[in-house]
Every structure is written in C-alpha cells, then in structure tokens.
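The structure under discussion appears below in the form of structure tokens.
Please treat every number below as a calculation from the coordinates, not as lab data. Note that the structure is a prediction, hence the values are computed from the model and not measured. Counting neighbours? That spans all protein chains shown, and the Cβs are built from the backbone with ideal geometry, glycine included.
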Amino acid sequence: MHLETPENKSALSEINGINQPDSISDAVAKQIQQFRRKQPSANELITRIIKGDKIALSRAITLIESTNIKHLEKANEVIQGCLPYANNSVRIGITGVPGVGKSTFIEAFGKHLTSLGKKVAVLAVDPSSSISHGSILGDKTRMEELVKDENAFIRPSASGDSLGGVARKTREAIILCEACGFDTIIIETVGVGQSETAVHSMVDFFLLLKIAGAGDELQGIKRGIMEMADTIVINKADGDNISKAKLAKTEFNRALHLFPAKKSGWIPKVTTCSAITKEGINDVWKIISDYFDLAKENQYFQNKRQEQNQFWMMETINEQLKTHFYNHPDIISLLEQNKKAVQNNEISPFAAAKILLENYYK
C-alpha cells in the first residue's frame with residue numbers, strides 16, 4: 001500500500017480551508033426564523049414596530065396590503081395600535097416620468113438625510129402589468145447603498161389596480177413607518193397616470209423631478225402637475241448637460257409665474273442637481289426645510305394634515321365597501337353569471353350591476 005507523505009501528496013487531495021466567519025449569530029438567526037414561521041398577533045406586531053423592528057414592520061405592511069378579507073380586522077387593529085405613535089414625521093412625495101432618475105435621486109437624497117441623523121422610510125410604488133398583473137419590485141436593487149443603511153427602510157409595493165399606480169394601502173403604511181420611528185417618509189410614484197393626484201393627498205411636500213434636453217421643458221406649461229409641485233428639481237445636471245439644466249431652470253421659473261399663489265403662502269422653487277455626483281442634493285433639502293418652517297409657522301402644515309385625514313377616511317370607506325362586496329359569498333357566484341350574460345349581450349352592464357347590488361343589500 002502506498003502511503004502519502006507531505007513530499008508525495010497529490011495536488012488533488014483536499015486540505016482544511018479557513019472557516020468563514022458567521023455573518024449573524026446563531027441566536028439571532030434562530031429568533032428571526034421562529035418569528036417568520038409563526039403568525040404573530042396584532043399586539044406582538046404593534047410592540048415590535050414601536051421598538052423599531054423592521055421585520056415586524058414589513059410583515060405588518062404585508063398584512064394591510066392583503067386582499068384577504070380575514071386579514072382586514074387584524075390589519076385595522078395594528079394600525080389603530082400604532083396610531084398614537086404616528087404623525088411625527090415629514091412626508092415627501094416624489095414624482096417624474098420614467099427615466100428621469102427617481103430611484104437614483106431618492107438614494108442620493110436618502111443617504112444625505114441619514115448622514116444628518118434622519119431615519120428615512122421609502123415607500124416605492126412599482127407599476128403592475130395590466131396583462132400579467134405582475135410587478136418587478138426592483139427599487140431595492142436600484143438603491144443598493146441606501147438599502148444597507150441602518151437608518152433607512154425601503155418597501156416596494158405593486159400598484160395593482162389602484163388609482164394611478166399608488167399602492168392601495170400606502171396611506172396606512174405611512175402610519176406604520178412613523179410608529180417604527182422613521183421621521184422622514186418618502187413616497188415614490190410610478191410617474192404615469194393620476195398617481196400624482198393620489199400622492200399629493202397624502203404628503204406634506206410634493207417634489208417634481210425633471211430632466212433637461214428631452215423636450216421636457218414644454219411640459220412646464222401644463223397646469224395639472226405644475227400646480228401641485230412645491231419644488232421642481234432638474235436632475236442629471238452633470239457633464240455636458242449642465243448648461244441645458246440651467247436653461248431648463250429658467251424656463252420652469254417663467255412657467256411657475258403663470259400659476260396662482262398657493263394656500264400655504266409658499267412660492268415654488270426650481271433648482272438643479274445631479275444624483276450621480278451628489279451636486280445640489282443639499283440645496284434640495286434646504287428648500288424642503290424652508291417650506292416646512294413656513295408651513296408650520298402659519299399653521300398650514302397642521303390644517304393640511306387634518307384635511308387629508310378626512311379625505312382618507314372617505315377613501316377607506318369606499319375601498320372597504322368594494323373589498324367586502326367582491327368577497328361576499330353570494331356575489332362571487334352571481335358575478336360570474338352576470339359577466340357571461342353581459343359578454344353575450346343577454347343583459348346590459350347597467351342592469352347586471354343593479355342585480356348584483358340588489359342582491360348585496362338584501
């Protein structure tokens with residue numbers, strides 16, 4: 001028998017390598033696994049959220065996003081329990097057309113805020129396909145630095161069939177994030193349709209992101225989105241695009257003079273920045289801070305929050321009525337029958353709707 005010695009040992013033989021250090025302790029890993037396996041009670045979720053537990057926060061948001069009517073009562077209990085700890089933040093809505101660099105801007109802006117000691121929660125709404133109803137939910141991938149920040153929380157949600165692409169439960173998610181200790185809430189819209197209108201009704205400050213040199217300047221004349229914007233930021237103001245960004249800033253400043261004064265007494269500002277080089281990011285935060293100083297001093301901040309609460313009460317009633325209607329046992333079977341009848345022109349859509357509603361209110 002041939003014995004291997006250090007001198008004649010085969011290069012193919014294995015040797016003991018260096019053990020990789022544990023990235024997480026066994027105790028913590030076991031705790032996380034146990035928490036994920038079981039369904040925590042509403043009180044347990046509330047307690048963990050108030051203590052700043054991001055895992056509990058994520059699970060609670062998943063709960064309120066559920067379309068299962070059985071989850072509604074538990075979700076409402078969690079929201080109610082967190083409400084006394086909410087409303088201690090500033091809420092910033094950020095919108096812009098696809099390709100304007102929203103995710104890159106939010107990462108640079110968020111990192112700047114965390115460097116100032118802020119705790120930032122980003123609620124990013126991803127568009128859902130009208131065909132497959134799927135959503136990529138890739139915002140965490142595009143914000144790879146911010147997602148690793150201990151003082152940041154990023155939650156992508158599918159827009160589903162909600163108005164303009166704003167996730168149906170974004171408003172409730174804001175409350176949970178505030179209760180978890182996040183003092184700056186950023187809501188990113190899909191940037192298409194009527195999402196701007198919905199986001200405007202749930203934030204304190206509305207930021208419109210633009211780019212120069214893409215024919216985008218002409219959009220400054222359109223009233224809808226411009227009237228809602230509290231500031232306009234020309235992104236990608238770097239390299240050869242700096243001069244174009246400055247020109248766009250002048251054009252947008254002229255356009256803003258065409259609109260009536262805001263109830264807040266605030267005069268919308270236009271500025272430029274580069275999310276890549278971080279140039280101008282601090283100026284954006286300075287403008288937002290100036291707005292909050294003014295709005296809180298003249299009581300507009302609090303008055304707007306009160307109006308928004310009333311608006312969302314009515315929206316919640318509408319949403320829950322809709323959810324309850326479509327999950328009603330009698331309606332589920334009757335709906336399919338009437339769908340086929342409408343498709344075959346056996347009954348008008350209006351008559352079918354009347355039949356369904358009459359059966360629902362029996």
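Overview of values
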{"read-out": "I69 versus E358: modelled label distance in nm, points set 7 Å from Cα along the beta carbon direction", "value": "2.1"}
{"read-out": "Built amide H within the under 5 Å cut-off of S157, gap 5+", "value": "A124, V125, D126"}
{"read-out": "Dipole in debye (nearest 20) - the stretch 34-80, about Cα centre, beta carbon charges: Lys, Arg +1; Asp, Glu -1", "value": "260"}
{"read-out": "FRET efficiency, N282 to F259 (Cβ-Cβ, R0 25 Å, nearest 0.05)", "value": "0.40"}
{"read-out": "Student exercise, the stretch 311-360 dipole from Lys, Arg, Asp, Glu Cβ charges, in Debye to nearest 20", "value": "120"}
{"read-out": "Fully extended contour minus Cα-Cα distance, from I242 to K339, at 0.36 nm per residue", "value": "29.3 nm"}
{"read-out": "Stokes-Einstein diffusion coefficient of the stretch 34-80, Kirkwood radius over Cα pairs, 37 °C, 0.692 mPa s, in µm²/s", "value": "309"}
{"read-out": "Estimated vicinal HN-Hα couplings, Hz - the stretch 230-245 in sequence order (Karplus 6.51, -1.76, 1.60; Gly, Pro = x)", "value": "8, 7, 10, 10, 8, 8, 6, 7, 8, x, 6, 8, 4, 5, 5, 5"}
{"read-out": "Residues of type lysines that K38 reaches as a straight line, Cα spacing below 19 Å, ignoring anything fewer than 8 places off in the same chain", "value": "K30, K54, K70, K74"}
{"read-out": "Pairwise label distance in nanometres, T197 with D293, each label 7 Å out on the Cα-Cβ vector", "value": "3.5"}
{"read-out": "Neighbour-count order for S89, S333, fewest beta carbons within 10 angstrom listed first", "value": "S333, S89"}
{"read-out": "FRET efficiency for E44 and N327, using Cβ-Cβ distance with R0 set to 22 Å, rounded to 0.05", "value": "0.25"}
